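*Asks:* The structure is given below, and queries will be raised subsequently.
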Amino acid sequence: MDKEFDFDRIGKKVPYRTPEHFFEEMQQEVMQRTYGAQPVQHRPKMHGRHRLKVLFSATVAAAAMLAGIVFALSYFRTDNAVESTSDMLAAEMGGSEAMDKWIYELSDEELEELVNFSENDIFLN
Amino acid sequence: MINEDKIRQVYASDPKKGFKMLMDKFQEPIYYYIRRLVVSHEDAEDVLQEVFIRVYRGWEQFRGESSLSTWIYRIATNESLRLLNARKNEEAIAAEEVQEELMNKLKASDYIDYENELAVKFQEAILSLPEKQRLVFNLRYYDELEYEEISRILDSKVDALKVNYHYAKEKIKEYILNR
């Protein structure tokens, strides 16, 4: 070994390596965990009228489900807990706005799933 | 070359795009900084992801009192040390044993170029340093940061850093020449 060690000889080299595509995949993972970005593989997106049709069907399906739940709750409610008609209406209206927002934020795949679910539901069809 | 002002500008109007630009700029230097501290690629990967997620979560609170670089290096330092200290606490082992574990990882780990013997030995020498000296040495030698910036990252006085760096170099030389 040399009597003197020269830092210039080694320079900035490090022996550390990374797997292929590491940084690209790492970024995808981070984006997924933060912005919930779609992975690289391309999924065909719905456009225009088809998306509108699915959105409408999903809204109808969700509204029907909500109505069903409200009906079931009011049916099983005791006398002491009966709310006034206006209170119930207010709750439903608040629920509808939240429902609209929720539906708007669904991805295309989630919308499809909801529509498919409603089409198979024996209470809705 | 992406600069910090550009990142902030884009982040303000399009956070997702700005965040991606930030990752593009910092992912490699921060990864290798972390890797030099934790050695294993898997650990470095975990820490790196955690760093960017903390950046994402902390962006609104980041007031720009320091540079982006200082902020991110600081997070990376804290997260790397958190990982190493967690091992120390979980396994109830001393700092020297953590050091030995890191040395062992260096000798038998994936994604290390063992053909470059001098580079491996150099990393061994760095790992043999006390923690503070190791941090200062890496930031100064590899990341080529100014002492003032290192001082903000490590919360240490510049004079102390210079002394630590000097001793680190001496110990590294001694390690390589005598082993």
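All of the numbers you see were taken from the coordinates with simple rules; none came from a lab. Source: prediction; values computed, not measured. FYI the Cβ positions are ideal-geometry reconstructions off the backbone, even for glycines, and counts take in every protein chain you see.
*Asks:* Report the residue, chosen from B:I150, B:I93, B:I30, that carries the largest GNM mean-square fluctuation when chain B is represented by alpha-carbon nodes joined by springs under 10 Å.
*Replies:* B:I93
*Asks:* Which far-off residues, 5 or more places away or on another chain, put their amide H under 5 Å from the one on B:I112, with H placed in the peptide plane?
*Replies:* Amide H to amide H, under 5 Å and 5 or more residues apart or across chains, B:I112 pairs with A:R17.
*Asks:* Here is a follow-up. With a ≥ b ≥ c the root eigenvalues of the C-alpha gyration tensor of segment B:85-178, is it rounded (a/c under 1.5), prolate (a/b larger than b/c) or oblate? Don't skip to the end; give the middle numbers.
*Replies:* Working: a/c = 1.87, a/b = 1.27, b/c = 1.47.
Verdict is oblate for segment B:85-178.
*Asks:* Tell me, what is the percent relative contact order of segment B:1-112, built from C-alpha pairs under 8 Å that lie six or more residues apart?
*Replies:* Once normalised by length, the contact order is 25 percent.
*Asks:* Next question, about the same structure. Within a Cβ distance under 15 Å of B:D110, other residues only, what is the Lys/Arg minus Asp/Glu net charge?
*Replies:* Here the charged neighbours net out to -3.
*Asks:* Let me ask something else about it. What FRET efficiency comes out for the pair B:K162/B:R54, r = Cβ-Cβ distance, R0 = 41 Å, nearest 0.05?
*Replies:* 0.90
*Asks:* Per residue of A:15-27, how many C-beta atoms from partner chains lie within 10 Å of its own C-beta, taken as a mean?
*Replies:* Partner Cβ neighbours, averaged per residue: 6.
*Asks:* Let me ask something else. Taking the Cβ of B:M23 as the center, what net charge do the other residues with Cβ under 15 Å away carry, scoring Lys and Arg +1 and Asp and Glu -1? Walk me through the numbers before you get to the answer.
*Replies:* Values: positive: A:R33, B:K6, B:R8, B:K16, B:K17, B:K20, B:K25, B:R54, B:R57; negative: A:E24, A:E25, A:E29, B:E4, B:D14, B:D24, B:E28, B:E45, B:E50.
That works out to 0.
*Asks:* Sort B:E101, B:E144 so that the residue with the fewest other Cβ atoms within 10 Å of its own Cβ comes first and the one with the most comes last.
*Replies:* The order, fewest Cβ neighbours first, is B:E144, B:E101.
*Asks:* Here's another thing I want to ask about it. Among B:F52, B:L37, B:A86, pick out the residue whose Cα is farthest towards the positive end of the charge dipole of segment B:1-112, where Lys and Arg carry +1 and Asp and Glu carry -1 on C-beta, about the Cα centre.
*Replies:* Value: B:F52.
*Asks:* In Å and whole numbers, how far do the C-alpha atoms of segment B:1-112 stretch along each principal axis, longest first?
*Replies:* Reported extents, whole Å, longest axis first: 47, 27, 19.
*Asks:* How big is segment B:1-50 on each of its three principal axes, counting only the C-alpha atoms and giving the largest first in Å?
*Replies:* 37, 19, 10
*Asks:* Here's another thing I want to ask about it. May I ask which of A:K13/B:K173; A:K12/B:K16; B:K121/B:K169; A:K13/B:K20; B:K88/B:K169; B:K88/B:K173 have a Cα-Cα span longer than 21 Å here?
*Replies:* A:K12/B:K16; A:K13/B:K20; B:K88/B:K169; B:K88/B:K173
*Asks:* Once you list every other residue whose beta carbon is under 14 Å from the beta carbon of B:V98, what net charge do they have if Lys and Arg are +1 and Asp and Glu are -1?
*Replies:* -3
*Asks:* With +1 on each Lys and Arg Cβ and -1 on each Asp and Glu Cβ, and nothing else charged, work out how big the dipole of chain B is about its Cα centre, in Debye to the nearest 20. Numbers along the way, then the final one.
*Replies:* Working: 28 positive and 34 negative charges, 96 e Å.
Dipole size: approximately 460 debye.
*Asks:* Take chain B, connect every pair of alpha-carbon atoms lying under 10 Å apart with a spring to form a Gaussian network, then pick out the residue of B:R140, B:R63, B:R35 with the largest mean-square fluctuation.
*Replies:* B:R63
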